[in-house]
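Engineer: Could you have a look at this structure, given as structure tokens, before my questions?
The numbers here are math on the coordinates, done by the rules we state, and not lab data. Owing to the predicted nature of the structure, the values given are computational and were not obtained by experimental measurement. Cβ placement follows ideal geometry from the backbone for every residue including glycine, while neighbour counts extend to all protein chains displayed.
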């Protein structure tokens with residue numbers, strides 16, 4: 001997977017998990033860079049490293065989550 005430029009990461013539309021609480025320490029957010037690439041990061045620190053996963057892996061991960 002090709003690394004993203006810092007400008008791409010900064011310009012992305014990040015979506016915070018609906019299960020992240022305002023006072024909790026377990027907040028994550030994700031951004032779709034393309035149908036093939038999704039980024040995940042710590043929402044408390046926008047400068048934190050971004051984990052890139054394939055779109056297929058993201059669908060498998062989120063399909064396996066339970067509330």
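Engineer: Rounded to the nearest 0.05, what FRET efficiency is calculated for residue 11 and residue 54 with R0 set to 25 Å and r the Cβ-Cβ distance? Kindly include the intermediate steps, with their values, before the conclusion.
Structural biologist: Details: r = 21 Å, r/R0 = 0.83.
With R0 = 25 Å, the Cβ-Cβ based efficiency is 0.75.
Engineer: Please give the length that would be gained between residue 32 and residue 46 if that part of the chain were fully extended, namely 0.36 nm times their separation in residues minus their C-alpha to C-alpha distance (nm, one decimal). Could you put the intermediate results ahead of the total?
Structural biologist: On the way: separation 14, 0.36 × 14 = 5.04 nm, distance 1.56 nm.
That works out to 3.5 nm of additional length.
Engineer: At 222 nm, what helix-only mean residue ellipticity would the chain give, in deg cm²/dmol to the nearest 500, using -39500 (n - 2.57) for each DSSP H run of four or more? Walk me through the numbers before you get to the answer.
Structural biologist: Values: 2 runs with 15 residues, N = 67.
Calculated at 222 nm, the ellipticity per residue is -6000 deg cm²/dmol.
Engineer: Considering Cα pairs under 8 angstrom that are at least six residues apart, work out the relative contact order of the chain and quote it in whole percent.
Structural biologist: Numbers: 74 pairs, mean separation 13.0, N = 67.
It rounds to 19 percent for the chain.
Engineer: Can you tell me the order of 29-40, 48-59 when each peptide is scored by its average per-residue count of other Cβ atoms within 10 angstrom, highest first? Kindly include the intermediate steps, with their values, before the conclusion.
Structural biologist: On the way: 29-40: 16.2, 48-59: 14.0.
For the peptides 29-40, 48-59, the packing ranking is 29-40, 48-59.
Engineer: How far is it, in nm, from the label point at residue 4 to the one at residue 61 when both lie 7 Å from their Cα along the line to the Cβ?
Structural biologist: 1.2
Engineer: Candidates [x] 14.2; [y] 13.2; [z] 12.6; which is the computed Kirkwood radius over Cα pairs in Å?
Structural biologist: [z]
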